[in-house]
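S.K.: So that we are looking at the same thing, I have put the structure below in structure tokens.
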2 protein chains.
Amino acid sequence: MLVLGHTNPDCDSIAGAISLAELLTKQGTPATAIAQGEPNPEAKFLLDKIGFAAPEVRTEIAGEDVWLIDYSDWGQAPRDAKKANIRGIVDHHKLGDITTAEPLECWIRPVGCSCTIVYSMYQAANITPSKEAATLMLGAILSDTVKFNSPTFTPVDREAAEALALLAGVEDIDAFADEQFAAKSDVASVPADELVLRDQKVYEINGKQFAIAQLELTSVKPVLARLDELETALVALKQANNYHTALVLLTDITTLNSTGLICSDEAAQVASTLGGTIEGSVIDLPGVVSRKKQVMPPLQREFDVA
Amino acid sequence: MLVLGHTNPDCDSIAGAISLAELLTKQGTPATAIAQGEPNPEAKFLLDKIGFAAPEVRTEIAGEDVWLIDYSDWGQAPRDAKKANIRGIVDHHKLGDITTAEPLECWIRPVGCSCTIVYSMYQAANITPSKEAATLMLGAILSDTVKFNSPTFTPVDREAAEALALLAGVEDIDAFADEQFAAKSDVASVPADELVLRDQKVYEINGKQFAIAQLELTSVKPVLARLDELETALVALKQANNYHTALVLLTDITTLNSTGLICSDEAAQVASTLGGTIEGSVIDLPGVVSRKKQVMPPLQREFDVA
């Protein structure tokens with residue numbers, strides 16, 4: 001059995017795959033976590049913390065038995081996923097377009113993090129996660145809920161995080177999160193053309209493609225100081241892919257506000273849809289933290305017109 | 001919150017909707033079971049047993065918050081289901097084509113009955129179902145698993161049924177099932193044109209429509225004695241709907257064999273695909289009990305050719 005997360009692997013995708021593979025193995029189905037790419041810096045930081053290597057990168061899964069974690073859309077799966085046997089899905093997003101030929105197991109819940117669900121699967125099976133898996137799941141929950149501050153956060157996420165902190169031997173959850181967030185905020189040496197792709201998701205609305213990346217930072221100032229090179233990278237990205245909109249959210253996870261860098265056929269309309277004020281390529285987005293809850297739904301409603 | 005099963009409501013659809021509505025209500029979300037039609041005779045028997053009326057029939061749900069039970073396909077939902085807010089899905093079939101705009105709760109497991117899953121939801125919530133709900137869920141599990149004999153049956157179904165029997169005050173599960181099965185086998189007074197529609201599901205394979213009904217009977221002899229009028233009804237059904245195949249499975253739940261009555265553009269090919277021998281419009285199908293596991297997959301493989 002293989003367990004794999006979505007493209008552009010984040011903490012939830014990596015931690016979830018490793019923890020779910022451990023659970024399935026303990027339940028008698030030997031399972032291996034794989035990934036569709038290298039983990040992002042925050043996930044890499046968590047892996048280093050427990051001394052684990054990144055999961056093997058695999059993008060061909062035809063004929064394999066697989067569990068998917070943190071998505072239910074073909075678009076975020078390997079290209080040949082329709083030829084795999086999808087045995088299970090763990091997710092906390094809206095239900096996507098994946099269908100299967102056989103009955104499967106879906107654990108989908110409207111909580112802040114897929115790892116919160118994986119932890120509930122351990123509880124249902126009456127199995128205790130290893131210290132390493134607990135550390136990874138804790139990190140994923142803190143990341144996805146921005147330390148319990150995202151609008152996607154639920155009390156179930158906090159209960160899971162607190163139980164996992166005990167198992168991980170983490171006494172100070174705040175300090176653990178801050179260390180993790182500092183690691184992902186260290187983007188000074190990352191080239192601009194990589195930054196504009198960070199955690200990118202591409203949505204299609206009424207035939208128009210919206211590429212929305214998100215950087216979560218303890219301070220957005222160092223990135224804004226590089227505005228010129230980021231603008232150049234954003235324009236190149238939009239043109240190369242014929243996107244309607246290329247948007248990068250710089251989310252300040254200390255103040256819980258975002259700044260958007262945009263290159264779009266309808267930049268002013270995007271800005272007003274998101275309740276922001278635009279100046280040049282910069283949109284001020286006070287109070288915006290969650291792309292899933294605060295950015296995508298208004299864009300969907302505004303641009304999905306026949 | 002509304003809870004509703006699929007078209008042609010069977011035991012699982014009715015019992016699941018009522019039991020899940022009770023659970024959601026006990027969890028603080030007032031919920032009402034509805035149905036897309038009158039319950040089938042077996043479901044009606046169970047409702048009579050606990051003194052419950054059939055759920056209100058409703059086929060318009062636009063704008064409503066709903067849970068779906070026992071399906072995840074738009075084709076088995078009300079026509080306006082895309083305009084409803086689907087908050088949850090409980091199912092034990094393959095994953096269908098339903099997608100949602102918002103995160104939801106999916107409890108999908110490869111077990112024999114949706115009510116087995118509803119019972120696990122009660123357990124996860126640490127809530128005890130009422131005697132009435134327990135009776136309905138027990139009946140649904142016995143129906144869907146043909147008293148633990150269907151190839152879709154799993155040990156989890158038996159555990160749930162035994163726990164529910166205790167709550168329902170049912171000492172002899174066998175006798176309970178036999179009474180229920182006798183009720184649904186009493187088809188002497190049912191017109192032939194109704195019988196050929198019993199528990200019908202219509203599948204499309206490569207542009208061809210296969211309408212497959214199933215009657216579960218303690219003996220198939222009384223129905224086979226009416227072969228002439230059933231053949232007439234089957235021919236009329238196929239022609240009126242332009243089906244490639246109209247097939248009625250008469251499943252003997254005592255001997256665990258089926259007899260198929262068929263009217264098809266390719267009757268011999270259908271018969272051989274199912275491993276059966278054909279004589280006139282009658283196919284002998286030894287050992288066939290489950291449409292989902294033993295009939296649809298081979299037809300899909302045989303007829304889904306480009």
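The values are calculated or read from the model by the stated rules, or taken from the named source; none is laboratory data. What you see is a predicted model, and the numbers here were worked out from it, not measured in a lab. Every residue, glycine among them, receives a Cβ derived from its backbone with ideal geometry; neighbour counts consider all protein chains shown. Side chains included, ligands, DNA and RNA excluded: accessible areas come from the protein's heavy atoms. Shrake-Rupley method; radii C 1.70, N 1.55, O 1.52, S 1.80 Å.
S.K.: Label the protein assembly as shown by shape, choosing from rounded, prolate and oblate, from the square roots a ≥ b ≥ c of the eigenvalues of the Cα gyration tensor; if a/c is under 1.5 it is rounded, and otherwise prolate applies when a/b is larger than b/c, oblate when it is not.
M.R.: Here the protein assembly as shown falls in the prolate category.
S.K.: Then there's this: Between B:A140, B:A236, B:A17, which gets the highest mean-square fluctuation from a Gaussian network model of chain B, Cα cutoff 10 Å?
M.R.: Looking only at B:A140, B:A236, B:A17, the biggest GNM fluctuation is shown by B:A236.
S.K.: Accessible area of B:T232, 1.4 Å probe, to the nearest 10 Å²?
M.R.: We get 90 Å² for B:T232.
S.K.: Report the label-to-label distance for A:E56 and A:T255 in nanometres (one decimal), using points 7 Å from each Cα along the Cα→Cβ vector.
M.R.: About 4.7 nm separates the two model spin labels.
S.K.: Another question, then. Please report, for B:P222, the nm distances (one decimal) from its label point, 7 Å out from Cα along the beta-carbon direction, to the equivalent points in the remaining copies, shortest first.
M.R.: From this label point to the equivalent ones elsewhere in the assembly: 8.1 nm.
S.K.: Whenever you get a sec, line up B:H244, A:H93 from highest to lowest accessible area (probe 1.4 Å, protein heavy atoms).
M.R.: Descending order: A:H93, B:H244.
S.K.: Using 7 Å Cα-to-Cβ label points, what is the A:S219/B:A182 separation (nm, one decimal)?
M.R.: Each label point lies 7 Å from its Cα, and together they span 8.2 nm.
S.K.: With a 1.4 Å probe and all protein chains left in place, how much accessible area per residue does the stretch A:2-183 have, in Å²?
M.R.: Here the residues of the stretch A:2-183 average 38 Å² of exposed surface.
S.K.: Given a 1.4 angstrom probe, I'd like the percentage of the accessible area of the stretch A:2-183 that is carbon and sulfur, rounded to a whole number.
M.R.: 47 percent
S.K.: Go ahead and set up a Gaussian network model of chain B, Cα springs under 10 Å, then flag whichever of B:V170, B:V118, B:V146 fluctuates most.
M.R.: B:V170
S.K.: Taking the Cα centre of the stretch B:126-165 as origin and charging only Cβ (+1 Lys, Arg; -1 Asp, Glu), how large is the dipole, in debye to the nearest 20?
M.R.: Around 60 debye, computed over the stretch B:126-165.
S.K.: By its C-alpha gyration tensor, with a ≥ b ≥ c as the square roots of the eigenvalues, how is the stretch B:1-160 shaped: rounded for a/c under 1.5, else prolate for a/b larger than b/c, else oblate?
M.R.: rounded
S.K.: Considering only Cα-Cα distances, which of the following residue pairs are longer than 27 Å: A:K292/B:K83; B:K44/B:K147; B:K44/B:K221; B:K49/B:K83?
M.R.: Those over the limit are B:K49/B:K83.
S.K.: Name the nearest-to-axis residue of chain B, judged by Cβ distance to the rotation axis taking chain B onto chain A, and quote that distance in whole Å.
M.R.: Spelled out, residue of B and its Cβ distance from the axis onto A: B:C106, 2.
S.K.: Any chance you could give the angle, 0 to 90 degrees and rounded to 10, that helix A:41-50 forms with the longest Cα principal axis of chain A?
M.R.: Between helix and principal axis, roughly 30 degrees.
S.K.: Nm distances between the label at A:L166 and the same-position labels in the remaining copies, 7 Å along Cα→Cβ, shortest first?
M.R.: A:L166 label point versus its equivalents elsewhere: 2.7 nm.
S.K.: Same structure, new question: Quantify, in whole percent, the carbon and sulfur part of the accessible surface of the stretch A:192-303 (1.4 Å probe; protein heavy atoms only).
M.R.: 48 percent
S.K.: Still on this structure: Considering the options A:V282, A:I253, A:A268, tell which one lies farthest towards the positive end of the dipole of the stretch A:250-301, charges being +1 on Lys and Arg and -1 on Asp and Glu at the Cβ, about the Cα centre.
M.R.: A:I253
S.K.: Here is a further query. Using a Gaussian network model of chain A with C-alpha springs under 10 Å, which one of A:I173, A:I18, A:I283 is most mobile by mean-square fluctuation?
M.R.: Between A:I173, A:I18, A:I283, it is A:I173 that shows the largest mean-square fluctuation.
S.K.: A:Q269 label points, 7 Å along Cα→Cβ, one per copy: pairwise distances from this copy to the rest in nm, shortest first?
M.R.: The projected label point of A:Q269 is separated from its counterparts by 4.9 nm.
S.K.: May I ask you to find the residues of the stretch B:68-117 that are shielded by at least 30 Å² of accessible area once the whole protein assembly is considered instead of their isolated chain (probe 1.4 Å)?
M.R.: When all protein chains are present, B:K94, B:L95, B:T99, B:T100, B:P103, B:L104, B:E105, B:C106, B:I108, B:R109, B:P110 each give up 30 Å² or more of accessible surface.
S.K.: In Å² (nearest 100), what accessible area is buried between A and B, both sides summed, heavy protein atoms only, 1.4 Å probe?
M.R.: The buried area between A and B, both sides summed, comes to about 1800 Å².
S.K.: Taking K and R as +1 and D and E as -1, what net charge do the other residues with C-beta under 13 Å from the C-beta of A:R226 add up to?
M.R.: Result for the local shell: -4.
S.K.: What number comes out for accessible area per residue over the stretch B:210-276 if the probe is 1.4 Å? Units Å², please.
M.R.: Computed with neighbouring chains in place, this is 39 Å² per residue.
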